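The values are calculated or read from the model by the stated rules, or taken from the named source; none is laboratory data. Note that the structure is predicted; figures quoted are calculated from it, not measured. Please note: Cβ atoms are built from the backbone with ideal geometry, for glycine as well, and neighbour counts cover all protein chains shown.
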Amino acid sequence: MEHQISLFVCLILCGPLFACTATSGASPIATTTDVPMTCTANQIIFGSRNDHFIDVYYKDYVVDSDGNASMTVGCMADANHNTYMIFNDGLGGPTDNQDFPQTIEITLSCVDQVWNYVVVVDGVSYSQPITQIDCQQSPN
């Protein structure tokens, strides 16, 4: 009965972001551990092939010991085509688009549980929150 009470008290005192340690004796001791909150790949809608659109892929998803996540997102056009990456249903794209490449790969970083595309232009850093990425292709 004593362990059941300790477990019950621990469950009441500890929220979803904390871990509890079982104790023996009359008084339970709760310990807390911060759980890093980070981004997951499924927070982004990745476009798929249809008509002029091509598949968008991600790779190299990494979370460091501080909970900071990053990943590479890209798309590759068919032979003799170039690709154009589009953010958030038409609200811009990466600077790589200006080169009319066949393949585009960019790095996204997680900041405050939001994926961001960050680019530095003329020494100024710009950040674009990302929720959706599509890619179109067109003949060269």
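Data for the structure
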item	result
Some residue of the range 36-45 being under 19 Å from Q136 (Cβ atoms), within 20 Å of the chain's Cα centre (by Cα) and modelled with pLDDT of 85 or more	yes
Positions within the range 70-111 being surrounded by 19 or more Cβ atoms within 10 Å (Cβ to Cβ) and of a type in the set (S, T, N, Q), in sequence order	T83
Residue match in the range 112-123 (condition: in contact (Cβ under 8 Å) with a residue 40 or more places away in the chain, crowded, with 16+ Cβ neighbours inside 10 Å and not charged (D, E, K, R))	yes
Extreme residue, nearest to V124 (Cα to Cα), among residues of the range 44-102 that are out of contact with any Ser or Thr (no Cβ under 9 Å at 6 or more places or on another chain) and of a type in the set (V, I, T)	T95
Pairs, first without any contact (Cβ under 8 Å) to a residue 12 or more places away in the chain and among the charged types (D, E, K, R) in the range 81-97, second surrounded by 20 or more Cβ atoms within 10 Å (Cβ to Cβ) and not in a loop (DSSP other than H, G, I, E, B), C-beta under 9 Å, six or more apart	D96/M85; D96/I104; D96/I106
